[in-house]
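Read the structure below first, then the notes.
The values are calculated or read from the model by the stated rules, or taken from the named source; none is laboratory data. All of these numbers come straight from a predicted model, not from anything done at the bench. Glycine also receives a Cβ, built like all others from the backbone with ideal geometry; neighbour counts cover every protein chain displayed. Protein only, heavy atoms only, side chains kept; ligands, DNA and RNA dropped before computing areas. Shrake-Rupley method; radii C 1.70, N 1.55, O 1.52, S 1.80 Å.
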Amino acid sequence: MEYIFLIWILFILLALIPVIQRKMLDSARKRVLHRLEKRRGTRLIALIHRQESMSFFGLHVTRFIDIQDSEEVLRAIKLTDSKVPIDLVLHTPGGLVLAAEQIANALAKHAAPVTVFVPHYAMSGGTLIALAANQVVMDENAVLGPVDPQIGEYPAVSILNVVEQKKVDEVEDQTLILADIARKAVRQVKDTVKRIARRNYTPEQADHLARELVSGKWTHDYPISVDEAKSLGLQVVTDMPKEVYELMNLYPQTSQRRPSVGYIPMPYPYRPPAVPERGSGKKS
């Protein structure tokens, strides 16, 4: 009986350890959030998507912008006084257009300045959200992405290009239906980009951004660098606060996978390489 009791105790402890670890991690995240909020005088919201493990079962879940995210961000914006600036730390591969558009619209309507921080990448819907900001702060190596709509597994613009190159009687009905949906999707996303961008950009700049980001000139996963973002006319700077990197470290990838990168986790000042003193070498 004692062995059975000990086994049950061990099982309960194993079940509680992930919960305790999660609570400690949440507390550490809140401390960093509060420190940066206090220094900048803002409301700080983190929208960070990583591959995560569920509980102690080790199931991997790849996160992206969804309706639950939009509900949480909208609630945070609602709790923020209109005079308080908002900072949004954004790290995402994209997600649902509806959810991203809701977040972008809410940020665009906020009266006080909005700053979006992109430490690594904000693709697709993440870029749409960034367009609502008065300023986008990117790491020198961070990237944004096109916001061209996708119909199933295909880019909407590519579907339209195929249909336009053929006669109507050479195209299947299903493809024609997809082309009709694609045409509407492209128009809708262009209108959305213009509407959101016009809060911080001139109508001419907003039209230019809509053409460049939605026209399909790039593949959907094309990385738009800092220099390219500036050339598009986006209000981008690179003075990233150190707290943003600290926050990213508190949203680690699942530890279930084998690490492929190794380094000593501390800042290194420049040290000139050691040069042997003259005459100190051994004679051959």
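Inter-part distance, the range 186-246 to the range 22-52, computed on C-alpha centroids, equals 25 Å. For the range 104-207, the Cβ-based charge dipole about the Cα centre amounts to some 580 debye (Lys, Arg positive; Asp, Glu negative; other atoms uncharged). Think of the range 66-181 as having a plus end and a minus end, set by charges on the Cβ of Lys, Arg, Asp and Glu; of Ala100, Leu74, Ser158, Leu74 sits farthest toward the positive end of this dipole. Extension gain, Gln188 to Leu176: 0.36 nm times the residue separation minus the Cα-Cα distance gives 2.5 nm. Taking label positions 7 Å along the Cα-Cβ direction at both Ile48 and Thr238, the computed distance is 2.3 nm, reported to one decimal. Taking label positions 7 Å along the Cα-Cβ direction at both Ile9 and Glu72, the computed distance is 3.7 nm, reported to one decimal. Ranked by the mean number of other Cβ atoms within 10 Å of their residues, highest first, the peptides 174-183, 38-47, 91-100, 130-139 fall in the order 130-139, 91-100, 38-47, 174-183.
The residues of the range 102-244 have, on average, 48 Å² of accessible surface per residue, using a 1.4 Å probe with all protein chains present. Averaged over residues, the count of other Cβ atoms within 10 Å places the peptides 78-86, 201-209 in the sequence 201-209, 78-86, highest first. Using Cβ point charges alone (K and R +1, D and E -1), the dipole size of the range 133-183 about the Cα centre works out to roughly 120 debye.
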